[in-house]
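Below: one structure, written as C-alpha cells.
The values are calculated or read from the model by the stated rules, or taken from the named source; none is laboratory data. Note that the structure is predicted; figures quoted are calculated from it, not measured. Please note: Cβ atoms are built from the backbone with ideal geometry, for glycine as well, and neighbour counts cover all protein chains shown. Each accessible area value is taken on the protein alone, full model and side chains, heavy atoms only, with ligands, DNA and RNA left out. Shrake-Rupley method; radii C 1.70, N 1.55, O 1.52, S 1.80 Å.
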Amino acid sequence: MAERKIKFNYFKVCCKDVGTGQIRDFDINYLISKVDGKELSELTEDYYQEKARLDKFWYCEKFNYWFLNFTRLRDTNIPNKAYVNKESEVIELAEDEFLSEECNAIYDCSLNVLMLQRNIHSLSVVGIEGYLNKILNDPSLIIILIPILNKDIFEKVDKAKCYRKITIGFANIKDKYVKVKDSSLSQIWEICNKYNGLKAEITISIGRGKKDTLDANTVKETLKDMENNKQLISKASLTYATDDDKVNVVDLIEDVMHDYITVVLEKKTSLASQYVENLMYKQFNQRKGEIYEILEASNS
C-alpha cells in the first residue's frame, strides 16, 4: 500500500448572461434534471481530441449534496504493460475502450458550492466548465466556476497599516463589465477598453515612500468590485505593510480555498470513487461553516 495527497478546491457555481454580462448563481439541479435517465453514450462530449462525460451521480438527502463523478476518456498516450521477467508490451484498446481518468466532486445544493478534485490527468476546471456548458446547451448563458478565496485574505488586507502597490490584469476587456456603480475599477476598465485591445494590466504604487499609502477606501472598493467581475480578472495582487513595517504580497487570484486529503492506494487496483467521496464529504462538512461566512461576507 501507498499514500497520496489529493487536492480539492471550492467554487461558487454561477452563470453569466451573454447579453447583459450579469452574473448570478446557477443551480446544478437543473443540469441533473436534463441528464437524468440518459445513456452514458448520450452524456459523452468531445474534450479537445478526446472525450468527457458525467459517469456517475447520486443525491445524498441527509446533507442535500450531489456526488458527481466526471471522467476523461483517454485513448492516446497509452502506457505499456510491464512484467518482472518479460519485456513490456503495448496495451491495445478496442474501438469502444478507453482509459478512464476520474474526477470527483460534491455539489452543495444549499450553498451552491462545488468541491472539486484536482488531478493532473483528469478534467481541468476549464474542462469541467466546458463540459457543463455543453450539457446546458444554452447560447444565452455561460456556466462559470468562481474560486472561493481564503477568508484570511481580506482579514489581512483590512488590518494593513498602508497599501503600497496594487496590480490588476484584465483577461478580456471586450467582455461585459458588471457595473454596480461608477467605481474606480470600472473607470480603469473603460479607459483600457477605449484602446480596443483584448488584455490589459495596470500597476499603481506609492514608489519608495515608506510612510505613504494608497487610498485605503479606494483599495477596498476595488477589491469588492473585483469580486463582482472575477471572470474579467486574470491577475490581482496587493502589496501592503503591517504595523511592524513588514511588507507582504497577497495574490488575490491564486490564494483560493483548498484542502488536501490523504488516500491509501492499494496495489494493482484503481482508486474507488466511493472511497474518495466518503473522505470528501467529511472534509466538506468541516469547511461548510467557514464557506458560509466567506459567501455571506462577499454578499454584504
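Scan segment 219-231 residue by residue and report those that are open to solvent by less than 60 Å² (accessible area, probe 1.4 Å) and not polar (S, T, N, Q).
Across segment 219-231, the qualifying residues are Val219, Glu221, Leu223, Asp225, Met226, Glu227, Lys230.
Need at least 2 residues that are at pLDDT 90 or above and among the β-branched types (Val, Ile, Thr) per element, so show me which strands (runs of 3 or more DSSP E) inside segment 126-242 make the cut, counting only ones lying wholly within it. Break it down into steps so the answer makes sense when it comes.
Working: elements: 141-147, 162-170, 200-205, 233-241.
Qualifying strands (runs of 3 or more DSSP E): 141-147, 162-170, 200-205.
Here are the criteria: (1) touching a residue at least 60 places away in the same chain (Cβ under 8 Å); (2) among the small types (Gly, Ala, Ser); (3) open to solvent by less than 60 Å² (accessible area, probe 1.4 Å). Tell me which single one Ser234 does not satisfy.
Every listed condition holds for Ser234 apart from (3).
Which one of Glu201, Glu155, Glu129 is farther than 30 Å from Glu45 by Cβ, acidic (Asp, Glu) and touching a strand residue (DSSP E or B) at 6+ places or on another chain (Cβ under 7 Å)?
Glu201
Of everything in segment 85-94, what is open to solvent by 70 Å² or more (accessible area, probe 1.4 Å) and either in contact with a His (Cβ under 6 Å, 6 or more places away or on another chain) or at pLDDT below 70 (or both)? Give them in sequence order.
Listed by number, the residues that qualify are Val90, Glu92.
Under the condition of being within 23 Å of Gln286 (Cβ to Cβ) and among the hydroxyl-bearing types (Ser, Thr, Tyr), which residue from segment 18-71 is farthest from the chain's Cα centre (by Cα)?
Only one residue fits best here, namely Tyr59.
Considering segment 1-42 alone, what residues qualify as being under 19 Å from Asn69 (Cα atoms), open to solvent by less than 60 Å² (accessible area, probe 1.4 Å) and assigned to a strand (DSSP E or B)?
Once the filter is applied, which keeps residues that are under 19 Å from Asn69 (Cα atoms), open to solvent by less than 60 Å² (accessible area, probe 1.4 Å) and assigned to a strand (DSSP E or B), segment 1-42 yields Ile6, Phe8, Asn9, Tyr10, Phe11, Lys12, Val13.
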